[in-house]
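The values are calculated or read from the model by the stated rules, or taken from the named source; none is laboratory data. These figures come from a predicted structure and were not determined experimentally. Positions of Cβ are generated from backbone atoms using ideal geometry, with glycine treated the same way; all protein chains shown enter the neighbour counts. What goes into the accessible areas is simple: the full protein's heavy atoms, side chains included, and nothing from ligands, DNA or RNA. Shrake-Rupley method; radii C 1.70, N 1.55, O 1.52, S 1.80 Å.
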Amino acid sequence: MERTVQKLTGVSEVNVNLATEKMTVTFDEPQISLEEIQEAVEKAGFRAVSETVTKTMKIEGMTCAACAKAVERVSRKLEGVSEANVNLTTEKLNINFDESKVTVADICAAVEKAGYKAIVETRTKVLKIEGMTCAACAKAVERVSRKLEGVTEANVNLATEKLVISYEPTQIKVSDIKKAVEKAGYKAVDDEVTVDSDKESKEKEIKALWKRFIISAIFTVPLLYISMGHMMGAPLPMFLDPMENPLNFALLQLILTMPVVIAGRRFYTVGMKTLMKGSPNMDSLIAIGTGAAVVYGLFAIYKIIGGDASYAMHLYFESAAVIIALITLGKYLESVSKGKTSEAIKKLMGLQPKTALIIRDGKEVEISIDEVEVGDIILVKPGEKIPVDGEVVEGITSVDESMLTGESIPVEKNIGDPVIGASINKNGSIKYRATKVGKDTALAQIIKLVEDAQGSKAPIAKLADVISGYFVPIVMALAIISGLAWYLIGGVSATFALTIFISVLVIACPCALGLATPTAIMVGTGKGAENGVLIKSGTALETAHQIQTIVFDKTGTITEGKPKVTDIITVEGVSENELLQFAASAEKGSEHPLGEAIVREAEDKGIEFKKGDSFHAIPGHGIEVTIEGKNILAGNRKLMIEKNISLDNFESTSDQLAHEGKTPMYIAIDNRIAGIIAVADTVKENSRRAIEILHNMGIKVAMITGDNRRTAQAIAKQVNIDIVLAEVLPEDKANEVKKLQAEGKKVAMVGDGINDAPALAQADIGIAIGSGTDVAMESADIVLMRSDLLDVPTAIQLSKKTIKNIKENLFWAFGYNTLGIPIAMGVLHIFGGPLLDPMIAGAAMSLSSVSVLTNALRLKRFKPVQ
């Protein structure tokens, strides 16, 4: 294939990597197109597909839902972009695109053209470079660093011997950068902690907003006193009396207003820029409204200078200042609240330790977490956090995994047991081998799942999204129409019409619409993660509350998935321990699950095993072993009949055990029945309680299993299952789910194994339990970190509460705008009611956004089902 592509005119270089199944082609676009290369590859019998990448970009300059819609619109218009979603709460754009058709620079340029700024999320790291001797060395380090995929900037200071590097953490790790520098013949070591630019910019923004509000308030309070105080009988000095000195009165108000306008200049720069680009936003409304008030005030001063003192009573400077001050306060409170919505993800990110103590050449070496590699042996002392995922190779301890799974009881860990990064080692020193590092660890996967969910959109948000796109232009049109209607048709003064115009512009709040859904999804998914319930998307979060039937896989989901000894029944003269000792000793070499359960029971009871001779497995029947000269038979009824052993009255006991879903194993010693050991896959502790809660929620519960109907019915009876689907082959599980869906029901499937993956994908909501396989978790919409079925009703309750919260937010946002805008237009005044003051309109608008955020934060009180 390489040869075929190399022959094409315009192609200068071709490299095929068989391991990654990727081909890199350098070609001259005027001479040959990408489509022609793909055609040539297809002729050679292969298929070439352009690789798409997903990037997360920080968007600066957005203030409301109209802004988010504008960014989405311009991004989606670009050729090669398959998907673009903006989360107003996090101010991030998730974009999926074909790098061969569009570049990051093209996306940034398109966003900038729309009046915003797109920045690829980066971190900055300072590394000390050892081994540099001259400027050529510094240049070489810069060159190799810049070549790395994911590195946005690299600068070396030869005097301080430091490399300042900006990189995308999703694309590259610090350890990769260090390796590249080492390959070039130098050594890179940590110099200082990584800068979290996102957190820094957020804190900077909050401080700047507070500073702007304080400046606005300092000048607005005296301005309000001067402009309104005299109406309430408050004393004013003679030189400011509007009757005696109207010009002084007006000029001082202008002087006090200008610092407020300058402090709120961002409303004007952003608002007018987006207006000129044809995508007006909330800032445009504020800029036009307050700008009109200031311009009218300047016109009034001109009239006063001309001798018309009556205009001193119609200055609008205080309205402009109060609106800017109140909206700045609203923006400050909004930023603080936004920070609280993403607390869950910050908590998760803060769990991972910064360093790890590894054993290298027999010595303990402390290294950065980024440098840990698969296969490293890590030492963890009592009370310390486990740095990355791995497997214990030395020592015994108990580990607190509650921060990841929500399970409060520490888990015992022995040699061979897995450990999860960020969990806490409680009481023993252990050494373990790293098996997953960086973005592959359980914690990194959880963070990614939560981030993806918080960046996704729920179907319920679609209406708000559509309205947001047209909201600002409609409001501007309504403001102009209502102002002109009152002036031209209503015959009112220009001042009255201006009040209407400003009030309509200022009261409208697209922010509340834009924040209604993402804030609730962020808090909801974050709260889920805190309780070990990982919801993968906004769609899954919304669908979960509509579930009518839940299908549980039996083995490993409702039951433990590990057979246990439940009953030991013996003949007279044989004790339970004696029967167990002979059976366990006989089964010691067996790999049959029932035999393993008997051996485990003997081990748990501390029973000593006897040495067995001449082990003989009888397929489909059982085993025959000689122990201390005695012939031992262990197996099913068929084995006993075949060996002509009388079962006495054990047959009725055996039938009763089978009816209870247990598997009876007959034990005979020297051709005489000695007893029965019953083994069963026991029901999990909370299965019955979880199913009872689901019934109380009005949800029907089904159980699916490959077991025979009698065993299935016995388990179903124990936990109160409504529908039993027995003797179902693994490949038919998805069809059973399909049949339930055909009845018009919304179906959820709960499973843990590879054979559950098709059914999890088929269901409206697939729920994988945490002890399950990676394949099951990949196919699922919701992942439960623990194996506790009580987390199933928790997930559904969380979905119900979050959707209720979103509906409340949308109701408030729509209701506020639906009522507020007509009142601002003067509808009440037509029927003799009051006219809305622009200052009150500004306060109401700020309150609208803050109330939506505050309502979303109520979800933090959510408690899991217990």
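Can you compute the charge dipole magnitude of the chain about its Cα centre, using +1 on each Lys and Arg Cβ and -1 on each Asp and Glu Cβ, nothing else charged? Give it in debye, rounded to the nearest 20. Write out the running numbers ahead of the final one.
Values: 95 positive and 107 negative charges, 559 e Å.
So the dipole magnitude of the chain works out to roughly 2680 debye.
Using alpha-carbon positions, what is the distance between the centroids of the stretch 535-557 and the stretch 827-864, in Å?
36
Hey, which of these cross-link pairs are over 25 Å Cα-Cα: 55/347; 536/863; 717/804; 605/717; 204/277; 426/554? Walk me through the intermediate numbers first.
Working: 55/347 23 Å; 536/863 20 Å; 717/804 35 Å; 605/717 30 Å; 204/277 28 Å; 426/554 34 Å.
Those over the limit are 717/804; 605/717; 204/277; 426/554.
Probe radius 1.4 Å, ligands and nucleic acids left out: which of 370, 670 has the largest accessible area, and how do the rest follow? Spell out each step's value before the answer.
Numbers: 370 50, 670 75 Å².
Sorted by accessible area, descending: 670, 370.
Describe numerically, in nm with one decimal, the distance between label points set 7 Å from Cα along Cα→Cβ at residue 241 and at residue 396.
The two pseudo-label positions are separated by 9.6 nm.
Relative contact order (percent) for the chain, with alpha-carbon contacts under 8 angstrom and 6 or more residues of separation?
On the way: 1664 pairs, mean separation 91.9, N = 866.
Dividing the mean separation by the residue count of the chain yields 11 percent.
Return the FRET efficiency for the residue pair residue 309, residue 79: r is the Cβ-Cβ distance, R0 is 45 Å, and the value is rounded to the nearest 0.05.
Working: r = 63 Å, r/R0 = 1.40.
About 0.10, to the nearest 0.05.
With θ set to phi - 60°, apply the Karplus curve 6.51 cos²θ - 1.76 cosθ + 1.60 along the stretch 661-674 and write out the HN-Hα couplings as whole Hz, x wherever there is a Gly or Pro.
Rounded to whole hertz, the list is x, 9, 9, x, 10, 7, 10, 10, 10, 6, 6, 10, 4, 10.
Taking the Cα-to-Cβ direction at residue 221 and at residue 722 and moving 7 Å from each Cα, how far apart do the two end points lie in nm?
Those two pseudo-labels are separated by 6.2 nm.
Using a Förster distance of 41 angstrom, determine the FRET efficiency expected from the C-beta separation of residue 3 and residue 182, and round it to 0.05.
Values: r = 35 Å, r/R0 = 0.86.
That pair, residue 3 with residue 182, gives E of 0.70.
Taking a 1.4 Å probe, which of 23, 839, 522 shows the most accessible area, and what order do the others take after it?
Working: 23 55, 839 25, 522 0 Å².
Highest to lowest solvent-accessible surface, that is 23, 839, 522.
Residue 592 to residue 651: FRET efficiency via 1/(1 + (r/R0)^6), r the Cβ-Cβ distance, R0 22 Å, to the nearest 0.05? Each step should come with its number before you reach the end.
Details: r = 23 Å, r/R0 = 1.03.
That gives a FRET efficiency of 0.45.
Going 7 Å from the Cα of residue 269 toward and past its Cβ, which residues in the stretch 102-119 have a backbone nitrogen under 18 Å from where you end up?
112-119, by backbone N distance to the label point.
Leaving ligands and nucleic acids out of the surface, order 143, 600 by accessible area at 1.4 Å, largest first. Spell out each step's value before the answer.
Working: 143 135, 600 90 Å².
From most exposed to least exposed: 143, 600.
Determine which aspartates and glutamates satisfy two conditions relative to residue 7: a Cα distance under 14 Å, and not lying fewer than 8 residues away in the same chain.
28, 36, 39
When the Karplus curve 6.51 cos²θ - 1.76 cosθ + 1.60 is applied with θ = phi - 60°, which whole-Hz ³J(HN,Hα) does each residue of the stretch 555-562 get, with x for Gly and Pro?
5, x, 10, 7, 9, 5, x, 10
Roughly what angle does helix 135-147 make with the longest principal axis of the chain, taking Cα atoms, 0 to 90 degrees, to the nearest 10?
With rounding to tens, the tilt is 70 degrees.
What distance in nm separates the two pseudo spin-label positions at residue 435 and residue 44, each 7 Å out from Cα along the beta-carbon direction?
3.9
Just to confirm the number: angle between the C-alpha axis of helix 650-659 and the first principal axis of the chain, 0 to 90 degrees, nearest 10?
10
Farthest toward the dipole's positive end in the chain, which of 336, 633, 184, given Cβ charges of +1 (Lys, Arg) and -1 (Asp, Glu) about the Cα centre?
336
Assign one of three labels to the stretch 689-762, namely rounded, prolate or oblate, based on the Cα gyration tensor with a ≥ b ≥ c the square roots of its eigenvalues; rounded applies when a/c is under 1.5, prolate when it is not and a/b is larger than b/c, and oblate otherwise.
Values: a/c = 1.68, a/b = 1.13, b/c = 1.49.
Oblate shape, in that a/c is at least 1.5 and b/c is the bigger or equal ratio.
Probe radius 1.4 Å, ligands and nucleic acids ignored: give me the carbon and sulfur share of the accessible area of the chain as a rounded percent. Let's see the in-between values first.
Working: 22070 of 40240 Å².
The nonpolar share, carbon plus sulfur, comes to 55 percent.
Could you pull out every one of the lysines with an alpha carbon less than 19 Å from that of residue 139, ignoring same-chain neighbours closer than 8 positions?
125, 128, 147, 162, 178, 179, 183, 187
At 1.4 Å probe size, with no ligands or nucleic acids counted, give the accessible surface of residue 162 in Å², nearest ten.
Per-residue accessible area (residue 162): approximately 60 Å².
Amide H to amide H under 5 Å from residue 682: which residues, 5+ apart in sequence or cross-chain, H placed 1.01 Å off N in plane?
Correct list: 560, 561, 562, 564.
Using the Cα centre of the chain as origin and beta-carbon charges of +1 (Lys, Arg) and -1 (Asp, Glu), tell me which of 834, 119, 504 is placed farthest towards the positive end of the dipole.
834
Can you work out the Karplus-derived ³J(HN,Hα) for every residue in the stretch 597-602? Use 6.51 cos²θ - 1.76 cosθ + 1.60 with θ = phi - 60°, whole Hz, and x for glycine or proline.
Once rounded to whole Hz, the list reads 5, 5, 4, 4, 4, 5.
Rounded to whole Å, give me the distance from the Cα center of the stretch 233-269 to that of the stretch 662-728.
82
Round to the nearest 10 and give me the degree value, 0 to 90, for the angle of helix 791-824's Cα axis relative to the longest principal axis of the chain.
Taking Cα atoms only, the helix is inclined about 10 degrees.
Which value, in Å², gives the accessible area per residue of the chain when a 1.4 Å probe is used on the protein heavy atoms?
Details: 40240 Å² over 866 residues.
Normalised by residue count, the accessible surface of the chain is 46 Å².
Calculate, in nm to one decimal, what residue 860 and residue 642 gain on full extension: separation in residues at 0.36 nm each, minus their alpha carbon distance.
Working: separation 218, 0.36 × 218 = 78.48 nm, distance 6.53 nm.
Roughly 71.9 nm would be gained on extension.
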